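The values are calculated or read from the model by the stated rules, or taken from the named source; none is laboratory data. These numbers come from a predicted model, not from an experiment. Quick reminder, even Gly has a Cβ in these numbers, built from the backbone with ideal geometry, and neighbours come from all protein chains shown. Heavy atoms of the whole protein, side chains included, go into the accessibility calculation; ligands, DNA and RNA do not. Shrake-Rupley method; radii C 1.70, N 1.55, O 1.52, S 1.80 Å.
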Amino acid sequence: MDPILLFHSLIMGLVEGITEFLPISSTGHLILTGDLLGFLDKEKRDVYEIFIQLGAMLAVVWEYRRKIGHTVAGAVRPGGERNLLLGIVIAFIPAAIAGLLFSKQIKAVLFNPVCVAIAFIVGGLIILWAEKREHKVKAETVDDLSLKDALKVGLCQCLALIPGTSRSGATIIGGLFLGLSRKAATEFSFFLGIPTLGAASLYSLIKHREALSADDIGVFAVGFIASFVFAFLAIRALLRFISTHSFAVFAWYRIAFGLIVLASWQTGLVNWSAG
């Protein structure tokens, strides 16, 4: 196995793990990082990027294993646990339908560094706008989220089909607009990522299984493990951070990063692919 390829896979897994649950777009970062590294051919890289999201998803499962267990066990009777489980299912449906209908067209047109950079900037401005609004909390915990608002968060998640938008950013900021506390919006985004990332990964692996071979196991395994480890660390760090800070720092990061990518593309400093 090529050690350089394994090292690149480690970098990709690290990037996925750190960025998946932060409102800064893991897909956008993976597109940019993969483009810089020249990592794998396009079809195989697409499958790889979705597969390593499973590692990040499993980090959520592990971190919230007790909460998930209590929710599943308590769903047999009316209450907060059943409400949360139904909310996750309802919120998952819009993005699942939109992904099946439009993901191919979106990938063909928008999956390039320039579009990602623009989405970074626009998303950052939206986060700043959201943070300037008065935030009236009507759902302090994820168990308090109404099914109607869960559906609205699910509709917000559809925006994440645009690379650079950020699935977690769309759902967290959407949750804040709907009156969720910072912790509730963040945790619901974590939980919603379980079926979303799981379904996307399995669907991609089945659909593109012919493009994979036994030689890919090592590369995929390194990325998967790195994604799990760094997502686990990022989840804990984010929860500590939002207890005393707003999301504005992520907005400024998005704007600065997007401007750097656009400037390097415009000046030719970096040979970004443009579609």
Problem - Looking only at the stretch 43-78, and only at residues there that are farther than 18 Å from Ala199 by Cβ and in contact with a Gly (Cβ under 9 Å, 6 or more places away or on another chain), the one that is most open to solvent (accessible area, probe 1.4 Å) - result: Arg45
Problem - Total residues in the stretch 109-136, condition touching a helix residue (DSSP H, G or I) at 6+ places or on another chain (Cβ under 7 Å) and in a loop (DSSP other than H, G, I, E, B) - result: 2
Exercise for the section: Please find, within the stretch 1-29, the residue that is surrounded by the most Cβ atoms within 10 Å (Cβ to Cβ) out of those that are in contact (Cβ under 8 Å) with a residue 40 or more places away in the chain and not in a helix (DSSP H, G or I). Expected result: Glu20
Handout entry: Tally of residues being assigned to a helix (DSSP H, G or I) and out of contact with any Phe, Trp or Tyr (no Cβ under 6 Å at 6 or more places or on another chain) across the stretch 137-151
Key = 7
Handout entry: Hits in the stretch 220-241 (condition: farther than 30 Å from Leu205 by Cβ and surrounded by fewer than 16 Cβ atoms within 10 Å (Cβ to Cβ))
Key = Arg240
Exercise for the section: Assess whether Glu140 counts as being surrounded by fewer than 17 Cβ atoms within 10 Å (Cβ to Cβ), at pLDDT below 90, over 16 Å from the mean Cα position of the chain (by Cα) and within 18 Å of Ser243 (Cα to Cα). Expected result: no
Handout entry: Out of Ile206, Ile162, Ile217, Ile194, sole residue that is within 19 Å of Trp129 (Cβ to Cβ) and either surrounded by 18 or more Cβ atoms within 10 Å (Cβ to Cβ) or among the aliphatic types (A, V, I, L, M) (or both)
Key = Ile162
Handout entry: Residue list for the stretch 143-159, restricted to those being within 30 Å of Gln105 (Cα to Cα) and open to solvent by 50 Å² or more (accessible area, probe 1.4 Å)
Key = Lys148, Leu151, Lys152, Leu155, Leu159
Handout entry: Verdict on Leu32 being open to solvent by less than 30 Å² (accessible area, probe 1.4 Å), farther than 24 Å from Leu192 by Cα and either hydrophobic (A, V, I, L, M, F, W, C) or assigned to a helix (DSSP H, G or I) (or both)
Key = yes
